[in-house]
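So the structure is just underneath, and the comments pick up after that.
No value in this document is a laboratory result; all are computed from the given coordinates. Everything numeric here is computed off the predicted structure, so don't read it as measured data. Cβ sites come from the backbone with ideal geometry, for glycine too, and all protein chains shown count toward neighbours.
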Amino acid sequence: MCRKKQHIKYMKHFTAGNDIINHMDNLLPETSRKKWTAVFVAFIVLFTAVCLGYMNLNYDSLARYPFRDENSRELIKKYLNDEEIAYIIEYSIPPNMFVAYIDSPGFNIYHAAEYKKLSEQQWQKTPAMIVRMVEETLPYMDVDTLMTYLIDGNYSFDDVDAYISSGDYMQNSELVMFAGETDVFLDAAHTVSTRRPVLKTVDPEKIASKDGKRIQLTETAANSLYNLCTDISRGLESSRACAGLVISDGYISFDDQAERYEDAVVSFGDNARFYEPMPGHSEHQLGLAVDFGISGIMDESFEKTRQAQWLESNAWKYGYLQTWNVSDEPVTGIKGQNWHYRYVGLTLAETIHGMGITFAEYITRYN
Ligand SMILES: [Zn+2]
């Protein structure tokens, strides 16, 4: 201190006219100046860092999003990336359009409208299921088409899903829209996938089955068959149920048809589908078709029986037609089977019979 005082005194004496700051500046020793500069710089750096950090903490990616519900905003920030957030802001998509689905596997914000629409129809499905349904089907059909299949076609989602994923059998084929109608036409290009109609077990008292197996048909097809049986017994003056006609097959499930088709592949290779329809493509899956026989006569000799001849003349009156005719082979792609009858409804059967054409010809001409 003593030396410093002396130094100041000395400087006052020998420095002429400079301002006081310069004096003071000069008074500070070199090391001290450097130290204060360093402190000052460090302070500025720290201050800037704190400011930036604070700004960052308070940066709100949803600042321009007009919907204020805090819960939704949290979820949006958690599940959506910047680009997706920019999208919901740009189009002002409200949280109630998509937040219920946001944590479901496969969620895609760009399909929010589809989720919303499907959920209004399929209200009993969970959000995760809605997302799955939309995401799995959207590459193949829009959501309106899916909804029509589910309601008007009475398909389950699993049926639609099976149609999409079972490329082996059904590549390029079309899923029939109104599969519950009696005039559905199935060929290699048209399928009902795994759809199962509402079925009724055929009464064996009214018409027996081959080997006593359980035969199922839709209720309308079964009732009309009973009428046919009553009348054939009367017409042929037979005391036997249905004049001795038996059924070897009614409804056949997709899985059973798959088995039959695989067997046909073993026997006929590439020609298998001529002998056995591909699963999804058989009229038997509609619950509308029956294969008639008499005590085990199922082959071509069936047509020589009087029961077969009665059927050829009269089955149409009960809504039944031979739909896999030999003459139709080029259209149906299926080997003619004169024991195969299919219920198409009373009106259509009468129309087609009156025109003197086959079901396949009618469909080709008028559908
Ligand atoms: Zn058949």
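Table for the structure above
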item	result
Kirkwood hydrodynamic radius of the range 221-326, Cα pairs, Å	14.9 Å
Protection-proxy order for peptides 109-118, 303-312, each taking the mean of Cβ atoms within 10 Å per residue, highest first	109-118, 303-312
Over the range 163-289: Kirkwood hydrodynamic radius from C-alpha pairwise inverse distances, Å	15.7 Å
Hydrodynamic radius (Kirkwood) for the range 266-367, which is based on Cα pairs only, to one decimal in Å	14.3 Å
Estimated vicinal HN-Hα couplings, Hz - the range 242-247 in sequence order (Karplus 6.51, -1.76, 1.60; Gly, Pro = x)	6, 6, x, 5, 10, 10
Under 5 Å, built H, 5+ apart or other chain: amide partners of Gly319	none
Amide H contacts under 5 Å for His190, placed H, 5+ residues apart	Glu174
Percent of alpha-carbon pairs separated by more than 23 Å within the range 97-222	45 percent
Whole-Å semi-axes of the range 107-171's equivalent ellipsoid (Cα gyration tensor)	19, 14, 10
